[in-house]
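The values are calculated or read from the model by the stated rules, or taken from the named source; none is laboratory data. All values derive from a computational prediction rather than experimental measurement. Positions of Cβ are generated from backbone atoms using ideal geometry, with glycine treated the same way; all protein chains shown enter the neighbour counts. Side chains are part of the model used for accessible areas, which takes the heavy atoms of the whole protein and leaves out ligands, DNA and RNA. Shrake-Rupley method; radii C 1.70, N 1.55, O 1.52, S 1.80 Å.
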Amino acid sequence: TLWKNGFHTIYCNTYQENEQVIERIDSLLTASIEGIIYSPVLGPNYIETNRHILNSIDKKGIPLVLVDRYMTDRMDNFVVINDRETFKELVCSMIHQGHSRILFVNGFEATSSLNRLMGFYDAFKQSDVDFSGALEIQLNEKNLFQTGRVPDEIIEEVKTMGDFTA
């Protein structure tokens with residue numbers, strides 16, 4: 001549909017190499033683009049990276065829509081799914097199926113993952129299941145992506161949590 005209406009899309013995935021994102025967005029901003037659909041990046045220094053990018057877009061006065069994540073201190077247009085409600089329903093379903101110790105594996109801190117985590121805890125709050133069954137572990141997604149393995153210290157941390165059912 002975009003192509004038929006004379007619009008061209010450029011898709012770029014930098015695999016959390018945020019310096020590349022800044023460089024590529026800055027390059028795009030020198031061209032005559034009419035709008036940007038941007039999914040805020042994750043990874044090291046992601047807040048500063050996204051601030052730099054969004055400030056650069058603001059300076060050019062180019063229309064912007066954020067996708068999947070947003071910056072909580074800005075009033076940009078954004079499109080996201082309701083991660084909180086979706087995860088609450090998912091965990092409620094698990095609890096209804098008899099799971100009482102559920103491990104939530106989280107990656108980078110972002111609005112999408114924080115909302116999922118809130119939904120995870122919401123489900124426990126509205127259930128009769130003991131809150132100690134809500135287990136959480138934080139992974140370094142970039143490391144996992146690059147190495148394809150979970151570090152031994154994370155595996156040991158999970159083992160110390162005891163058994164979980166989901």
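Only residues that are touching a residue at least 40 places away in the same chain (Cβ under 8 Å) and either open to solvent by 70 Å² or more (accessible area, probe 1.4 Å) or within 19 Å of Arg69 (Cα to Cα) (or both) were counted in the range 98-117, giving 5.
Being β-branched (Val, Ile, Thr) and exposed (fewer than 13 other Cβ atoms within 10 Å of the Cβ) is a property that does not hold for Ile95. Listed conditions (1) farther than 30 Å from Thr9 by Cα; (2) modelled with pLDDT of 95 or more are all met by Gly148, apart from (2). Candidates in the range 46-95 are the residues that are closer than 22 Å to Glu109 by Cβ and of a type in the set (Lys, Arg); of these, the one that is modelled with the lowest pLDDT is Arg69. Within the range 152-166, residues that are acidic (Asp, Glu) reach partners that are in a loop (DSSP other than H, G, I, E, B) and surrounded by 13 or more Cβ atoms within 10 Å (Cβ to Cβ) with beta carbons closer than 8 Å, at six or more positions or on different chains, in the pairs Asp163/Arg101.
Considering the range 1-45 alone, what residues qualify as being touching a residue at least 60 places away in the same chain (Cβ under 8 Å) and either out of contact with any helix residue (DSSP H, G or I) (no Cβ under 8 Å at 6 or more places or on another chain) or not polar (S, T, N, Q) (or both)? If the condition is that a residue be touching a residue at least 60 places away in the same chain (Cβ under 8 Å) and either out of contact with any helix residue (DSSP H, G or I) (no Cβ under 8 Å at 6 or more places or on another chain) or not polar (S, T, N, Q) (or both), then Tyr15, Pro40, Leu42, Gly43, Pro44 are the ones that fit.
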